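Notes to accompany the following structure.
The values are calculated or read from the model by the stated rules, or taken from the named source; none is laboratory data. Given the structure is predicted, the values throughout are model-derived calculations rather than measurements. Ideal geometry is used to build each Cβ from the backbone, glycine not excepted, and the neighbour counts take in all protein chains shown.
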Amino acid sequence: MTGAIMVAIDGSEMANKALDLAAEFSAKLGAPLHIVHVMFYARHAERLERLAQGENLVREAAREVAPGADVVQGQMAQIFNSLKTRAQSERMVAAIGELLLDRAARRAKAKGATPIKTKLLNGDYAEAVLEEADRLKPRMMVVGRSGLGPLKSMVLGSVSHKIHAHAKCTVVTAR
């Protein structure tokens, strides 16, 4: 087991709370912070739209993937529909993920966390986080109570629940 702290983010308010808590642990314990994000796929355009609202992530990612595209907030489905290839859609999702990770790292650094590593993951949300935790062997993981999933009104989100049930380290839930 390493002394690292791992936090999974998805751009939601609860993920930001988890990030803040993980950054505070990192700063106080002098532990490395690993921030992970599992890519959302284009078929979840509504989730991506919520993820990007107010952050202009869509606009920034579109500039990289589809230069010259006229991007207006609230048009995520139209943006993905206008992309010509699956590769462009995948690059858009990855660009949004990288922007999320970059912003999360800056936020954690401002709270005193150091060193900070980020990683973009692919696959089922909970399984990808658990696989990364198995590889990293952190001291603890921090997750949000619920994120952007469609059933976020449940007491504990399905991703959070699965992580709690299967993680081999301490899991702290931010509320």
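Among the residues of the range 1-30, just one is surrounded by fewer than 19 Cβ atoms within 10 Å (Cβ to Cβ) and β-branched (V, I, T), namely T2. Residues of the range 9-36 that are at pLDDT 95 or above and assigned to a strand (DSSP E or B): L33, H34, I35, V36. Has the range 106-122 got at least one residue that is in a loop (DSSP other than H, G, I, E, B), under 19 Å from D10 (Cα atoms) and modelled with pLDDT under 95? Scanning the range 106-122, I find at least one residue that is in a loop (DSSP other than H, G, I, E, B), under 19 Å from D10 (Cα atoms) and modelled with pLDDT under 95, so the answer is yes. With respect to K137, is the statement that it is modelled with pLDDT of 85 or more and among the basic types (K, R) true? Yes: the conditions hold for K137.
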